[in-house]
Amino acid sequence: MTEIRIFGVAGSLRRLSFNAALLNAAAELAPAGMHIDIGDIRHVPPYDDDVRAEAYPPEVEGLVGAMQRADGLLFVTPEYNRSIPGILKNAIDWASRRPDQPFDRKPVAIMGASRGVLGTIMANHHLRQILVYLNAQTLPGPEVLVGEAPKKFDADLKLVDEPTRAFVRGHLERLGELVADGRR
Ligand code: FNR
C-alpha cells in the first residue's frame with residue numbers, strides 16, 4: 001500500500017474519554033502504510049459568522065489545513081442526546097464555511113463508543129447526514145459502534161476486546177481501499 005495519511009478527531013474533550021481511546025486504538029491498529037494523525041478541536045471557538053467575515057481563527061485554519069492535507073478523515077464521536085456533541089458540530093461548521101471546504105469528495109470513516117448497548121448508532125447516522133451534505137465520501141456500513149465501552153477497554157483505556165480490535169482494523173482497511181479507489 002502506498003502511504004495513506006488519515007487525520008482523526010475525537011468528539012469528546014473528557015480526559016478519560018472512551019472515544020479518544022478508540023481513536024488511539026485506531027492509530028495503533030492502522031494497516032501497514034496508513035498513518036493516523038490525531039487532531040484536537042478543544043480550542044476551536046464557537047462559530048460566529050461576524051468573526052468568520054473578518055478572518056478565520058488560527059485554530060480553524062490549523063484544523064482545516066490538516067484536513068485538507070490528509071487523504072482521508074476519521075471521526076470518532078460520542079452520542080449526546082441521540083446526536084453528535086456540539087463541539088464536533090461546531091468544528092465541522094467552521095471548516096464547512098471555507099470556500100475550499102475540506103470535506104468535498106474526501107473519504108471519511110466514522111466510529112463511536114458509548115456506555116450503552118446500542119453504541120453511537122444515532123450519532124453516527126447524524127454525522128453521516130452532515131458529511132453527505134458536504135459531499136464527503138463516507139465509508140458505508142458495517143459501522144464501528146462500540147457499545148458497553150467499559151467492558152471493551154481496560155483501566156488504562158486500551159482497547160482490549162479482540163473482536164472489536166479486529167473490526168476496527170477491518171474498517172481502516174476499507175478506508176484505505178476507499179482512498180486508493182479515489183487515486184485510480
Ligand atoms: C450522553 N451519553 C449518551 N450515550 C448514548 O449512548 N446515547 C445518548 O444519547 C447519550 N446522551 C448523552 C448526552 C450527554 C450530554 C452526555 C454528557 C452523555 C453518554 C455518553 O455516551 C457517555 O458519557 C460516553 O462515555 C461519552 O463519551 P466519552 O466522553 O467517554 O468519549
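Largest first, what is the accessible-area ranking of D104, D40, D161 with a 1.4 Å probe? Don't skip to the answer; put the middle values down first.
On the way: D104 65, D40 100, D161 45 Å².
Output order, biggest surface exposure first: D40, D104, D161.
Output wanted: per-residue J couplings in Hz (rounded whole) for segment 10-23, from phi through Karplus 6.51 cos²θ - 1.76 cosθ + 1.60, θ = phi - 60°, x for Gly and Pro.
Calculated HN-Hα couplings, in order: 9, x, 10, 9, 5, 4, 9, 5, 5, 6, 4, 5, 5, 5 Hz.
Express the Stokes-Einstein translational diffusion coefficient of segment 119-171 in µm² s⁻¹, to the nearest whole number, given a Kirkwood radius over alpha-carbon pairs, 37 °C and a viscosity of 0.692 mPa s.
Translational D for this selection: 263 µm²/s.
Check I4: other-chain or 5+ apart residues with amide H under 5 Å from its amide H, H built from backbone geometry?
Residues meeting the criterion, in which the H sits 1.01 Å from N, are M34, H35.
Relative to the longest principal axis of the chain, what angle (0 to 90°, nearest 10) does the C-alpha long axis of helix 121-133 take?
Roughly 30 degrees between the two axes.
How big is the chain along each principal axis, measuring the range of its Cα positions in Å and listing the largest first?
Answer, in whole Å and largest first: 49, 40, 26 Å.
Can you work out the FRET efficiency for the pair E28 and A55, with r the C-beta to C-beta distance and R0 = 41 Å, to the nearest 0.05?
Numbers: r = 37 Å, r/R0 = 0.91.
Calculated value: 0.65.
If you consider only alpha-carbon coordinates, what radius of gyration and Dmax does segment 1-68 have, in Å?
That works out to 14.6, 44 Å for Rg and Dmax.
For V160, list long-range residues whose amide hydrogen, built 1.01 Å from N in the peptide plane, is under 5 Å from its own amide hydrogen.
Residues meeting the amide H criterion: F153, D154.
Taking a cut-off of 20 Å between Cα atoms, list the lysines near K106, but don't count ones fewer than 8 places away on the same chain.
Leaving aside lysines fewer than 8 places away in the same chain, those within reach of K106 are K89.
Non-local amide H neighbours of V108 (under 5 Å, H modeled in plane, Pro and chain starts lacking H): which ones?
Correct list: L73, Q137, T138, L139.
What is the sum of charges, Lys and Arg at +1 and Asp and Glu at -1, for the other residues whose Cβ falls under 13 Å from the Cβ of Y80?
+3
Using the scaling law 2.2 N^0.38 Å as the reference, what is the normalised Cα Rg of segment 86-184?
Computed over Cα atoms of segment 86-184, the ratio equals 1.19.
The values are calculated or read from the model by the stated rules, or taken from the named source; none is laboratory data. Since this is a predicted model, take the numbers as computed values, not measurements. Reconstructed Cβ throughout: ideal geometry from the backbone, glycine too, with neighbour counts over all protein chains shown. Just the protein is used for accessible areas: all its heavy atoms, side chains included, with ligands, DNA and RNA removed. Shrake-Rupley method; radii C 1.70, N 1.55, O 1.52, S 1.80 Å.
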